[in-house]
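Report on the following structure.
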């Protein structure tokens, strides 16, 4: 599969699933309506987020938010595009990870352009302690970042193993010389 095909399939699927799920929530629920799915753990709760992650910048005026989110989005799209372009053709996991990030970012940008805020509805909590609500796009971004981190750690592990083997070889050589 080519990078472009993976990008279209994964990123496009995330965007479509995100927008369909948000449209359903918007039409089936009233704002702040909640439907418990697993009591004291998970509900579908319709909320809107004018800010960034965890409501950051929600209290700022709308012009600031529009300029801030537009600037950050343009930079993010530029760097994601650059990373996808530079990803090796045979590294499917990196392309999938970046496609998840891009699809998720696009899903939230569509909301910001259309409504000036993002629809969130996945509400996890234990008793009265709630994790901030999120959506399919946020989930894709989180999964994409996690996959990239796993790949980075795997690459680091191989490098560390090589350094360890070199260090061990040098240590043995020095030990032999000293004997």
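In the condition set (1) modelled with pLDDT of 95 or more; (2) touching a helix residue (DSSP H, G or I) at 6+ places or on another chain (Cβ under 8 Å), residue 24 is compliant with all but (2).
Taking residue 96 as the residue in question, decide whether it is under 26 Å from residue 68 (Cβ atoms), touching a residue at least 60 places away in the same chain (Cβ under 8 Å), touching a helix residue (DSSP H, G or I) at 6+ places or on another chain (Cβ under 8 Å) and not in a strand (DSSP E or B). Full working, then the answer.
Details: under 26 Å from residue 68 (Cβ atoms): no; touching a residue at least 60 places away in the same chain (Cβ under 8 Å): yes; touching a helix residue (DSSP H, G or I) at 6+ places or on another chain (Cβ under 8 Å): yes; not in a strand (DSSP E or B): yes.
Here the answer is no, as residue 96 does not meet what is asked.
Within segment 90-103, is even one residue under 30 Å from residue 33 (Cα atoms), touching a strand residue (DSSP E or B) at 6+ places or on another chain (Cβ under 8 Å) and at pLDDT 85 or above? Working first, answer last.
Within segment 90-103, the subset under 30 Å from residue 33 (Cα atoms) is 100-103.
Checking the rest, the ones that are also touching a strand residue (DSSP E or B) at 6+ places or on another chain (Cβ under 8 Å) come to none.
No, there is no match, as no residue in segment 90-103 is under 30 Å from residue 33 (Cα atoms), touching a strand residue (DSSP E or B) at 6+ places or on another chain (Cβ under 8 Å) and at pLDDT 85 or above.
Of all residues in segment 1-51, those satisfying the criterion of being assigned to a loop (DSSP other than H, G, I, E, B) and touching a residue at least 12 places away in the same chain (Cβ under 8 Å) are 1, 2, 29, 30, 31, 32, 33, 40, 41, 50, 51.
The values are calculated or read from the model by the stated rules, or taken from the named source; none is laboratory data. All figures in this text were calculated on a predicted structure; none of them were measured in a lab. Positions of Cβ are backbone-derived with ideal geometry, glycine not excepted, and every protein chain shown enters the neighbour counts.
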